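Take a look at the structure below.
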Amino acid sequence: MLKIDYNEETLSNGLRFATVNLPGFNTITNFLVIRSGSRYETKQNNGIAHFLEHMVFKGTKTYPTTLDIARAIEGIGGYFNAWTSVDHTSYWNIVPSRQWKIGALMPLELAFFPRLRQEDLERERGVILEEIKMIEDDPARLVDDLLMQATFSDHPLGQFIIGTPGNIKKMSLADFQSYHRQHYHPGQAMFLVIGNVGRIAESLKKFVQDKTAPIAGGSKLSSPEVFRGSKGQGLLVKRKQTDQTHFMLGSTWEGFALSAAQRFVGAVLNSVLGRGMSSRLFLRIREEQGLAYAIRSEISSLEDTGMISIYGGVNTDKVERALESLLIELRRLQEEPVGKVELEKAKAHLIGSLTLNSDRPIELAKWYGTDRLLGAKESFAEAIELANSVTPAQIQDLAQKIFSLKRLSMAVIGPYESDEVFRAQLNMN
């Protein structure tokens, strides 16, 4: 049985503090995750969570400039990064074990003690606007954002994480200060330390407790607007002169939520459908028909819902054929139970990936940090057990539930004057 030495407790100010002990490791990964993202935004301040993530790197109480921050971590051979998602923002670094204090301090400084200066705001505003242009020029990335918009529509989950140029141009320092006060406090965060920490676990806890003691726990955030079920039949076609058509299909289900054990049925289904070179979509659309270089599916889980999505990049002249082949594979899953051999291979693929991730600190951080903060409870061993227990009947039942045409949403980027061809294929007319 896969066993992870994981320990968690809640500090006096509400911060959840956890360690994963990996004996023999020479590095320590520090990972701080906060409930901050585009689903906590309004139409008026959409983009502020991501913008704030940029702003904190301009300087903190202990490290007044970006250069000071970089030198502190890079000067000891470590590296650091951050990201913002729809429902969380993460700050992390990896440092040599002997430099654990510097590594542990940095995410706390960035999150809880940023300087937030007007002059930095004006400079970073330009950076964000360029990042928006970069995404616009990357259809394989942009189509993912468009699928979220097509699927969730006016719900906050349908907002772009990076925001809109109009919002970015008008955000003020007071906006950032207000958002930071509301979201960046210990009661909305989890701090996870991964590495050979057995002997220093208590010292680590005391260090984190002391550094965050001056910060009030803050009031509990109001729950984000819940998304239930699927509106389905959302379609967004963005006209762009591209050499390929980039498309994504998606279907949501509350059973994919992080708190739902049923999501592991979805994970096995996803392995059968489009995860890897032995999956059905890859074999049919790429290997047999030669229609696409990239064709894949993935499953993503949020606090209250989740989505299975399919991406393809296809020659524009062949997109209708590729979509028809894709829909045939979805119908196969609805109409025919997955065979025993194929099911066992899909399970082995998924379980092998989970096992590999148990040796990767950043994946451990996501599993025991982000996912735990947002409602997941399973250990790696329990996840493997749940995946192993999935049956052909469960997969077929799920496919019938999520792959009916009325449940599907779609986003497309390509040289199209209208969306009629896609409406016809998905029976939206």
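Which residues, taken from region 162-181, are part of a helix (DSSP H, G or I) and farther than 10 Å from I48 by Cβ?
P165, G166, K169, K170, L173, A174, Q177, R181
Being in a helix (DSSP H, G or I), hydrophobic (A, V, I, L, M, F, W, C) and touching a residue at least 60 places away in the same chain (Cβ under 8 Å) is true for just one of A294, A267. Which residue is that?
None of the other options fit; the residue is A267.
Any residue at all in region 26-34 that's among the hydrophobic types (A, V, I, L, M, F, W, C), in a strand (DSSP E or B) and more than 18 Å from the chain's Cα centre (by Cα)?
Within region 26-34 (the criterion being among the hydrophobic types (A, V, I, L, M, F, W, C), in a strand (DSSP E or B) and more than 18 Å from the chain's Cα centre (by Cα)), the answer is yes, since at least one residue qualifies.
Restricting to region 17-31, count the residues that are under 16 Å from N93 (Cβ atoms), buried (at least 18 other Cβ atoms within 10 Å of the Cβ) and of a type in the set (F, W, Y).
1
From Y293, Y311, grab the single residue that is under 23 Å from P139 (Cβ atoms), in contact with a strand residue (DSSP E or B) (Cβ under 8 Å, 6 or more places away or on another chain) and surrounded by fewer than 21 Cβ atoms within 10 Å (Cβ to Cβ).
When all the criteria are applied, what remains is Y293.
Looking at region 53-101, which of its residues are part of a strand (DSSP E or B) and either polar (S, T, N, Q) or not assigned by TED's automatic domain parsing to the domain that holds V127 (or both)?
Of everything in region 53-101, those that are part of a strand (DSSP E or B) and either polar (S, T, N, Q) or not assigned by TED's automatic domain parsing to the domain that holds V127 (or both) turn out to be T60, N81, T84, T89, S90, N93.
Taking the condition out of contact with any helix residue (DSSP H, G or I) (no Cβ under 8 Å at 6 or more places or on another chain) and not charged (D, E, K, R), does P165 pass?
No.
Among all residue pairs at least 6 apart or on different chains, which show Cβ distances below 7 Å where the first residue, located in region 166-179, is touching a residue at least 12 places away in the same chain (Cβ under 8 Å) and the second is among the acidic types (D, E) and loosely packed, with under 13 Cβ neighbours inside 10 Å?
none
Condition check: in contact with a Lys or Arg (Cβ under 6 Å, 6 or more places away or on another chain) and of a type in the set (F, W, Y). Does F51 satisfy that?
no
Just checking, which of G255, G266, G274 is of a type in the set (G, A, S), touching a helix residue (DSSP H, G or I) at 6+ places or on another chain (Cβ under 9 Å) and under 23 Å from V421 (Cβ atoms)?
Among G255, G266, G274, only G274 is of a type in the set (G, A, S), touching a helix residue (DSSP H, G or I) at 6+ places or on another chain (Cβ under 9 Å) and under 23 Å from V421 (Cβ atoms).
Does R199 qualify as being among the charged types (D, E, K, R) and out of contact with any helix residue (DSSP H, G or I) (no Cβ under 8 Å at 6 or more places or on another chain)?
In short, yes.
Across region 230-250, what is the total count of residues that are modelled with pLDDT of 95 or more and over 20 Å from A294 (Cβ atoms)?
Counting residues in region 230-250 that are modelled with pLDDT of 95 or more and over 20 Å from A294 (Cβ atoms) gives 2.
Scan region 417-426 residue by residue and report those that are in contact with a strand residue (DSSP E or B) (Cβ under 8 Å, 6 or more places away or on another chain) and either closer than 13 Å to V314 by Cβ or loosely packed, with under 15 Cβ neighbours inside 10 Å (or both).
If the condition is that a residue be in contact with a strand residue (DSSP E or B) (Cβ under 8 Å, 6 or more places away or on another chain) and either closer than 13 Å to V314 by Cβ or loosely packed, with under 15 Cβ neighbours inside 10 Å (or both), then E417, S418, F422 are the ones that fit.
Under 8 Å between Cβ atoms, at least 6 apart or on separate chains: pull out the pairs that start in region 402-429 with a residue that is more than 18 Å from S297 (Cα to Cα) and end on any residue that is in a loop (DSSP other than H, G, I, E, B) and among the small types (G, A, S).
From region 402-429, the pairs are K406/G232.
Of everything in region 303-330, what is touching a Phe, Trp or Tyr at 6+ places or on another chain (Cβ under 8 Å) and either outside any helix (DSSP H, G or I) or modelled with pLDDT under 95 (or both)? Give them in sequence order.
Residues satisfying the conditions are D304, T305, G306, M307, I308, Y311, G312, G313, V314.
Given the structure, is D359 charged (D, E, K, R), within 30 Å of V20 (Cβ to Cβ), in contact (Cβ under 8 Å) with a residue 24 or more places away in the chain and out of contact with any Ser or Thr (no Cβ under 7 Å at 6 or more places or on another chain)?
no
How many residues does region 32-53 hold that are over 21 Å from N81 (Cβ atoms) and surrounded by 16 or more Cβ atoms within 10 Å (Cβ to Cβ)?
So the answer is 5.
Please enumerate the residues belonging to region 151-161 that are over 14 Å from the mean Cα position of the chain (by Cα) and either under 14 Å from S36 (Cα atoms) or part of a loop (DSSP other than H, G, I, E, B) (or both).
Correct list: S153, D154, H155, P156, Q159.
Quick test of your reading of the structure: H183 fulfils all but one of (1) farther than 30 Å from T242 by Cα; (2) in contact with an Asp or Glu (Cβ under 9 Å, 6 or more places away or on another chain). Name the failing condition by number.
H183 satisfies all of (1) farther than 30 Å from T242 by Cα; (2) in contact with an Asp or Glu (Cβ under 9 Å, 6 or more places away or on another chain) except (2).
Mind counting the residues in region 372-429 that are closer than 23 Å to G234 by Cα, small (G, A, S) and not in a helix (DSSP H, G or I)?
Qualifying residue count, region 372-429: 5.
The values are calculated or read from the model by the stated rules, or taken from the named source; none is laboratory data. As the structure is a prediction and not an experimental result, all values here were calculated from the model. For neighbour counting, all protein chains shown are included, and Cβ atoms are generated from backbone atoms with ideal geometry for every residue, glycine included.
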